[in-house]
Amino acid sequence: MSRTTSVLESPLARQAPLSALLALGAVLTLVVPSLRVTDDGLFVASLVGTGVATIVSALALAFPRAVGLVPVLLVLDFVAIALFRTSTGAGASVFTSLIVLPVVWCGSLRGRLNVVWAVLGVTFVILAPYFLTPTNVPGASELVRLGVTVIVFGTVAAVVQELSRRARRNVRDAQRGEERVRAEIDRAAAVQRSLLPTSTDHLGADVAVAGACLPAKSVGGDFFDWYETNTGIAVSLGDVMGKGVGAGLIAAAVRATVRSARTVDDPSEALLRAADGLAAEGSVTDVTFTTLFHARISADGTFRWADAGHGLSLVLRADGDVDRLRSSDLPLGMGLRDEWATTEGFLEPGDLLISFSDGVLDLFGGREDTVDAVADLARSCGSEPTALVAALSARADEVAHDDDVTVIAIRRAPVSVESGALPAHPAQERA
């Protein structure tokens, strides 16, 4: 017989109904007077065979290789039914119909030859009384029963074989389709990761920057970015509503449109371009919106930023104070007001700019003071961007979260004692 390798074909699940029905039949022969045992030895042997078959089928739960014992189990089942039938009246036994269970099991296995094995098993059960109890053989009508039973159960085995073959083919087709989809998602995830910046060499030694994006699924709707501009560097962090490939595509589009404004000094202009990129023929998409924080940092420390409904950014000053970067502007894609304000400040040497997605809230139990908690974590990391990002990434591995976790941190290099006085604030220079 063919060996089954499908995890759906559990030997114990197949064996349990037959074992239970044989046990029930044994009980009935003891309590129902009209059901009598004609041969005690064969009756006990049938129960022993059933018990052995049950134990062997249970081994497959602990030892997957035991699935290869399915042919042995089917032989034991046909023998047990033959013994049980013969010991409870042979041709007059009411338990002959139990043979349908191993027939269906046999017919469901791979390989059309299993239909032949099922027919042979039925033939053995019907003819068993002729050689097990030669002094009390059934009449000639039993041969007629043999022919009818073999035809009926052989047909059952053939039908089950065809249905099982089609079911396995459908499962294989579904699995191949799922594998193709998974491969496409994996490629999309790889492309998305490749869009995230990794190198900071081109930014110079005046700043240190680090970021991480940990999608809740293979492809996420968050992104971060940093790149050079005419006057310094730009940093961005966006969070697209939703997860998966759709959100990832929108995140890539927003990132690209924001980058297209790298020659424009005003951060709000970059947000406006991103909003235009989400609109089509004057209609803003109704399927999603995007929160976005975008900042420009000049070489002298001038800091200009715009926030489209994000609200999860802060500056940890070198002296330990925290400035929350608040904004009442709406996210991109809302279609209500395409206006975003630009706010100007200054990053002193040693100041750390941090922006993170709302997935970080899950890492701190959704607390309202998560901004303060992130600031405390940054202090414990010595205000080092790489250390902070590593700490949040480690926390994301330990704490369950259903949303993408993204963070970006950038720090102006502190001035050492040997290097002299700090650079003057632009306002001081003008004074």
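In the set Asp338, Asp351, Asp397, Asp376, which member is over 22 Å from Thr290 (Cα atoms), more than 25 Å from the chain's Cα centre (by Cα), open to solvent by 60 Å² or more (accessible area, probe 1.4 Å) and of a type outside the set (A, V, I, L, M)?
Working: Asp338 fails: over 22 Å from Thr290 (Cα atoms); Asp351 fails: open to solvent by 60 Å² or more (accessible area, probe 1.4 Å); Asp397 fails: more than 25 Å from the chain's Cα centre (by Cα).
Unique residue meeting the criteria: Asp376.
Every residue in segment 304-355 that is over 26 Å from Gly242 (Cβ atoms) and basic (Lys, Arg), please. If you could, list the steps in order and put the result at the bottom.
In the first step, residues of segment 304-355 are kept if they are over 26 Å from Gly242 (Cβ atoms); the result is 304, 315-324, 341-353.
Residues satisfying the conditions are Arg304, Arg317, Arg324.
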Pair list, Cβ < 7 Å and 6+ apart or interchain, from segment 177-195 residues that are surrounded by 10 or more Cβ atoms within 10 Å (Cβ to Cβ) to residues that are outside any helix (DSSP H, G or I) | Ile185/Ser218; Ile185/Val219; Asp186/Ser218; Ala188/Val219; Ala189/Ser218; Ala189/Val219; Gln192/Val219
Could you tell me which numbered condition Ala60 fails, if it satisfies all but one of (1) open to solvent by 20 Å² or more (accessible area, probe 1.4 Å); (2) free of Cβ contacts under 8 Å to residues at least 60 places away in the same chain?
-> (1)
Looking at (1) farther than 27 Å from Arg166 by Cα; (2) free of Cβ contacts under 8 Å to residues at least 12 places away in the same chain, can you tell me which one Leu120 breaks?
-> (1)
Any idea which of Val37, Val70, Val75 is outside any helix (DSSP H, G or I) and of a type in the set (Val, Ile, Thr)?
-> Val37
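Might you check whether a residue that is closer than 27 Å to Val27 by Cβ, open to solvent by less than 10 Å² (accessible area, probe 1.4 Å) and touching a helix residue (DSSP H, G or I) at 6+ places or on another chain (Cβ under 8 Å) occurs anywhere in segment 68-76?
The initial filter retains those residues of segment 68-76 that are closer than 27 Å to Val27 by Cβ, namely 72-76.
Add one more test, that the residue is open to solvent by less than 10 Å² (accessible area, probe 1.4 Å), and what stays is 73-74.
Next cut, touching a helix residue (DSSP H, G or I) at 6+ places or on another chain (Cβ under 8 Å) only: 73-74.
There is at least one residue in segment 68-76 that is closer than 27 Å to Val27 by Cβ, open to solvent by less than 10 Å² (accessible area, probe 1.4 Å) and touching a helix residue (DSSP H, G or I) at 6+ places or on another chain (Cβ under 8 Å).
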Quick one: Gly320 ticks every box in (1) touching a helix residue (DSSP H, G or I) at 6+ places or on another chain (Cβ under 7 Å); (2) open to solvent by 50 Å² or more (accessible area, probe 1.4 Å); (3) over 22 Å from Phe223 (Cα atoms) except a single one, so which number is it?
-> (2)
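Can you tell me which residue among Ser87, Ser108 is of a type in the set (S, T, N, Q) and either open to solvent by 30 Å² or more (accessible area, probe 1.4 Å) or in contact with a Phe, Trp or Tyr (Cβ under 6 Å, 6 or more places away or on another chain) (or both)? Lay out the reasoning, then the answer.
Values: Ser108 fails: either open to solvent by 30 Å² or more (accessible area, probe 1.4 Å) or in contact with a Phe, Trp or Tyr (Cβ under 6 Å, 6 or more places away or on another chain) (or both).
Of Ser87, Ser108, the one residue that is of a type in the set (S, T, N, Q) and either open to solvent by 30 Å² or more (accessible area, probe 1.4 Å) or in contact with a Phe, Trp or Tyr (Cβ under 6 Å, 6 or more places away or on another chain) (or both) is Ser87.
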With respect to Val52, determine if the residue is open to solvent by 50 Å² or more (accessible area, probe 1.4 Å), on the phi < 0 side of the Ramachandran plot and free of Cβ contacts under 8 Å to residues at least 60 places away in the same chain.
-> yes
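The values are calculated or read from the model by the stated rules, or taken from the named source; none is laboratory data. If you're wondering where the values come from, they're calculated on a predicted model, not measured in any experiment. Here the Cβ is made from the backbone with ideal geometry for all residues, glycine too, and neighbour counts use every protein chain on show. Only protein heavy atoms, including side chains, enter the accessible area calculation; ligands, DNA and RNA are left aside. Shrake-Rupley method; radii C 1.70, N 1.55, O 1.52, S 1.80 Å.
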